[in-house]
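Engineer: I have a structure I would like to understand better, so I am pasting it below and will then ask my questions one at a time.
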Amino acid sequence: MQTVKLKAVLFDLDGTLVDSAPELGAAADKMRTDRGMTSLPLSAYRHMAGAGARGMLGIAFDIMPEMPKFAEMREEFFLNYEARMLLNTPVFDEVPELIAALRNRGLQWGVVTNKSARFTEPLTQAMSLFATAGAVVSGDTTPFSKPHPAPLLEAARRIGLSPAECVYVGDDERDIIAGRAAGMRAIAATYGYMGAKADVSAWGADDAIESPLSLLQCLKLA
């Protein structure tokens, strides 16, 4: 059987390319201190950063999406995060080198995130890393978000490739589910936000990487 040549690498955003945990945690923690509650350390929030508002509010207030005040508190969290998300959201170590290496090998790259465009667009536009991305697809770009494959298929369409010519890299089980459903090779990034309880071996990923640059070896590009 003929193997389709790899032509692009698509990435999740938070926990895979950028470390948004400091500002996500700070946005939720401000809600605590505004209410006279004690501050929690970043370490309390970090492992749930990939879950966005649901994860941060769950840590800060033990509140779940089905609870009555969740929607109101989520918007307060969003406003806090929006006000500070450009202050301290660094890319992970090795990510700039990885992107440069992919481009030097003639590969395209892009982003598929569940973060809404309200946050994705200002963040990626403010960071020089993303100037060369062929596609940036947010959680509300298509009618569905991950684990549905629609956002990944949209990213492939935007860069003019078939899904089989793309690899998807992410740090959450829903990334792997979406990647495989889209017909892409799906690789788990274990350096992101996954907690100690995460069983990556159960996700069904085609492979796993422990650092960004190790993707080159994984894809046999090194």
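Engineer: Which order do the peptides 136-146, 50-60 take when ranked by the mean count of other beta-carbon atoms within 10 Å per residue, highest first?
Structural biologist: Sorting 136-146, 50-60 by mean packing, highest first, produces 50-60, 136-146.
Engineer: Hey, another quick one. Modelling each spin label as a point 7 Å along the Cα-to-Cβ direction, I'd like the ARG84/ASP140 distance in nm, to one decimal.
Structural biologist: Label at ARG84, label at ASP140, 2.3 nm between them.
Engineer: Mind pulling the angle between the C-alpha long axis of helix 70-84 and the longest principal axis of the chain? Nearest 10 degrees, somewhere in 0 to 90.
Structural biologist: Once rounded, the angle reads 70 degrees.
Engineer: May I ask you to give the average projected area over all directions of the convex hull of the Cα atoms of the chain, in nm² rounded to one decimal?
Structural biologist: 12.4 nm²
Engineer: Pairs LYS7/LYS220; LYS30/LYS115; LYS5/LYS115: which exceed 23 Å Cα-Cα?
Structural biologist: Among LYS7/LYS220; LYS30/LYS115; LYS5/LYS115, the Cα-Cα distance tops 23 Å for LYS5/LYS115.
Engineer: Can you tell me the orientation of helix 117-126 relative to the chain, as the angle in degrees between its alpha-carbon axis and the longest Cα principal axis, to the nearest 10?
Structural biologist: Long axis of 117-126 versus the principal axis of the chain: about 70 degrees.
Engineer: Taking only the Cα atoms of segment 21-84, how large is their convex hull per residue, in Å³?
Structural biologist: Spelled out: Cα convex hull of segment 21-84, divided by residues, is 71 Å³.
Engineer: Once segment 156-221 is represented by equal point scatterers at the alpha-carbon sites, with solvent omitted, what log10 I(q)/I(0) does the Debye formula produce at q = 0.12, 0.14, 0.24, 0.28 Å⁻¹?
Structural biologist: -0.29, -0.40, -1.03, -1.24
Engineer: Could you give the angle, 0 to 90 degrees to the nearest 10, between helix 21-34's Cα long axis and the longest principal axis of the Cα atoms of the chain?
Structural biologist: 10 degrees
Engineer: Would you compute the Debye intensity of segment 117-192 from its alpha-carbon atoms alone, equal scatterers and no solvent, and pass along log10 I(q)/I(0) at q = 0.13, 0.18 Å⁻¹ to two decimals?
Structural biologist: Listed by q, the Debye log ratios stand at -0.38, -0.75.
Since every read-out is calculated from the coordinates, none of them should be taken as a lab result. As the structure is a computational prediction, the values presented were derived from the model and not from experiment. All Cβ positions, glycine included, derive from the backbone under ideal geometry; neighbour counts span all protein chains shown.
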